[in-house]
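Asks: For reference, the structure I am asking about is given below.
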Amino acid sequence: MRELYIGRKEAEGEEGNKYRFDYYILIDQVTVEGDFFCESYGIKILSPDTREAAEIPNITVSISRIDDLAERMLRNGVSPVTARDVVEDWL
């Protein structure tokens, strides 16, 4: 599996705590009908401060859809804790 770095979001919580999250697109190959392969895309969010991470592989085979999801998650500062819920709502 490969990772494509998308960007970092820095935010401040209600109590004044500062958070940093790094966003990645996960790229994997899946087998479809024997010898046919296609790329499958997922999301990874990592907090470099706490080392907390969320990896959600195989969300879609569409690069435009995963780009849209990754940009939305980055823009809104989705954390590793809430990542799976956001992806499920997006699907």
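Asks: Residue check, Ile63 against (1) touching a residue at least 40 places away in the same chain (Cβ under 8 Å); (2) in contact with a Phe, Trp or Tyr (Cβ under 8 Å, 6 or more places away or on another chain), all met but one. Which one?
Replies: It fails just one condition, (1).
Asks: Also: I'd like the residue in segment 42-71 that is of a type in the set (D, E, K, R) and not in a loop (DSSP other than H, G, I, E, B) and, out of all such residues, is nearest to the chain's Cα centre (by Cα).
Replies: Narrowing segment 42-71 to residues of a type in the set (D, E, K, R): 44, 49, 51-52, 55, 65, 67-68, 71.
Now narrow it down to the ones that are not in a loop (DSSP other than H, G, I, E, B): 44, 55, 65, 67-68, 71.
Details: Lys44: 4, Glu55: 7, Arg65: 12, Asp67: 10, Asp68: 11, Glu71: 9 Å.
The selected residue is Lys44.
Residues checked against (1) at pLDDT below 95; (2) surrounded by fewer than 14 Cβ atoms within 10 Å (Cβ to Cβ); (3) of a type in the set (Phe, Trp, Tyr):
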| residue | (1), (2), (3) |
| --- | --- |
| Glu14 | yes, yes, no |
| Ile25 | no, no, no |
| Pro48 | yes, yes, no |
| Pro57 | no, no, no |
| Val61 | yes, yes, no |
| Ser79 | yes, no, no |
| Thr82 | yes, no, no |
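Asks: Then there is this: Give me the pairs, please: first residue somewhere in segment 10-25 and over 20 Å from Val87 (Cα atoms), second residue anywhere and assigned to a loop (DSSP other than H, G, I, E, B), beta-carbon distance under 6 Å, and either six or more positions apart or on two chains.
Replies: Ala11/Gly77
Asks: Could you identify the single residue in Glu55, Glu33, Glu71, Glu39 that is closer than 15 Å to Gly7 by Cα and among the charged types (D, E, K, R)? Can you show your working first?
Replies: Details: Glu55 fails: closer than 15 Å to Gly7 by Cα; Glu33 fails: closer than 15 Å to Gly7 by Cα; Glu39 fails: closer than 15 Å to Gly7 by Cα.
Exactly one of Glu55, Glu33, Glu71, Glu39 is closer than 15 Å to Gly7 by Cα and among the charged types (D, E, K, R), namely Glu71.
Asks: Something else: Mind listing whichever residues of segment 55-80 are in contact with a strand residue (DSSP E or B) (Cβ under 9 Å, 6 or more places away or on another chain) and closer than 14 Å to Lys9 by Cβ?
Replies: Of everything in segment 55-80, those that are in contact with a strand residue (DSSP E or B) (Cβ under 9 Å, 6 or more places away or on another chain) and closer than 14 Å to Lys9 by Cβ turn out to be Ala70, Glu71, Met73, Leu74, Arg75, Asn76, Gly77, Val78, Ser79, Pro80.
The values are calculated or read from the model by the stated rules, or taken from the named source; none is laboratory data. In this text, all values refer to a predicted model and were calculated from it rather than measured experimentally. Because the Cβ atoms are built from the backbone with ideal geometry, glycine has one as well, and the counts that use them run over all protein chains shown.
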